[in-house]
Amino acid sequence: MKGKLIFLLTILLHGCAQEQSTEEKRKLLDQYKGEVVELRGKIKALEQALLKEDSAFAVRHLKATLVTTRKVAIKKFEKFLEVSGEVASRKNILLSASVPGTVEKIPVSEGMVVQQDELLVLLDTATERKRIAELKTALELATTVYERQDRLWQQNIGTEIQHLKAKNNKASLERQLATAYTQLEKMIIKAPFMGNVDEVFIREGETALPGSRLVRIVNLSDLYVEADLSERYVGKIKKGDQVKIKLPSLNKTISSSISAVGQVINEDNRTFTVEVKIPIRDKNLKPNLLATMEVKELEQANAVVIPTYLVQQDNRGDYVFIIEEYSVDQLYKAKKVYIQRGYSYGGETTVLAGLTGEEKLIDQGFRQVDEGGLVQEVNQTRYNIN
């Protein structure tokens, strides 16, 4: 518009200049120059008015970039350490045979609930019971002989050797009988606690050898998650720290706390063990189920927090764009602010220096703006800016 006006004035001035005197031409030139200045002032006034009244005109005229903004947050910032672990149970026992024998009876089956001391597996005890009966008979005789020999010895009748042999024979048979009872007990495998029979590994009639697997029994009332942490977290992770347990297979998250911290560093992988009790009962929870533990590693109150994706980098370091007031209503200037980053977690980053918390960050459209460039703030719900 300005260019066309000057062009028309130039043509008019050129046409008139051929018919007028030099003095008239000078006066006319001064007149036209004054009119141009006046028109420029009117144009500028109209532009300023339209910039305030018509945001679309402002965007077209000044080429402002459409952006959305968000405030810098001042809030509590928490950083969690994520580590993989497994569900475990303190009452998950695989019972094995400790003495050889033929399986005589298995009164339980998989899935059954058994009480403490309930019979699980019975080996053939006939031989051992016969041996116990023979030892009892022998012990009765040895006891009678010893008692008589002892009475004679108290009367100074007989020799000391006879007395000692009788005493030793009795004691030897008592030890043999105690061993036989112990062996008999090992042939009767009972439940050490109330629980579910998870697996039965042997059948009636089969021979059980020492070490052979017999029955697995599980009680799901005392479950916990066990995980290994790097030694660099020694002293940072303590008993009582809050933990979130995530069970991906069950799509479940459980809040708990660390119940135990290992005191020994594993030489092979330089880790120590932590345990977290599972405070709920769920029939779907099973030992060896994969779990993820989120242990609170850091907590900062009143931290300056911004979205991590807004942080950009150049040769000077990390920076973000904020908006500054501009003389035209609804328009702002983009300002590059260099920051000192702190911790990052969960898509958020703390800012140690560079922001006070009062600024408005350029959000959508932040990659399209430049330092000092004009921007127009729009409603995020109405615009989808890439």
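Laboratory data are not the source of any read-out in this text; all were calculated from the coordinates shown. In this text, all values refer to a predicted model and were calculated from it rather than measured experimentally. Cβ placement follows ideal geometry from the backbone for every residue including glycine, while neighbour counts extend to all protein chains displayed.
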Please arrange THR69, THR102 by how many other C-beta atoms lie within 10 Å of their C-beta, fewest to most.
THR102, THR69
I need the trypsin sites (Lys or Arg not before Pro) found in the stretch 169-267, filtered to DSSP loop residues with at most 13 other beta carbons within 10 Å of theirs.
ARG203, LYS236, LYS238, LYS239
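Going down the table (LYS252/LYS286; LYS252/LYS283; LYS76/LYS244; LYS33/LYS63; LYS105/LYS186), which pairs top 20 Å between alpha carbons? Let's see the in-between values first.
Working: LYS252/LYS286 13 Å; LYS252/LYS283 13 Å; LYS76/LYS244 18 Å; LYS33/LYS63 30 Å; LYS105/LYS186 14 Å.
Long pairs (Cα-Cα over 20 Å): LYS33/LYS63.
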With 0.36 nm assigned to each residue of separation and the Cα-Cα distance removed, GLU204 to THR182 gains 5.7 nm
Candidate lysines for bridging to LYS27, where Cα separation is under 30 Å - those fewer than 8 sequence places away on the same chain excluded
LYS2, LYS4, LYS42, LYS44
Taking the beta-carbon count within 10 Å as an exposure proxy, list SER21, SER98 from fewest neighbours to most.
SER21, SER98
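Work out, step by step, the length gained on full extension between LYS167 and GLU104: first 0.36 nm times the residue separation, then minus their alpha carbon distance; give nm to one decimal. Can you show the working numbers first?
On the way: separation 63, 0.36 × 63 = 22.68 nm, distance 3.84 nm.
Additional length available on full extension: 18.8 nm.
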Partner aspartates and glutamates whose C-alpha sits under 15 Å from that of LYS335, ignoring same-chain residues fewer than 8 away, are ASP314, ASP318, GLU324, GLU325, GLU358, GLU359, ASP363, ASP370, GLU371, GLU377
What helices does the chain have that are whole DSSP H segments, at least 18 Å long along their own axis by Cα, and with mean Kyte-Doolittle hydropathy of -0.5 or more?
2-17
Cross-link candidates for LYS165: which aspartates and glutamates have Cα within less than 15 Å, leaving aside residues fewer than 8 places away along the same chain?
GLU147, ASP150, GLU174
Approximate spin-label separation GLN31-LYS283, in nm, with each point projected 7 Å along Cα-to-Cβ:
10.4 nm
GNM on the chain, C-alpha springs below 10 Å: top fluctuator among LEU141, LEU184, LEU123?
LEU141
Cα convex hull of the chain, projected area averaged across orientations, nm²
37.7 nm²
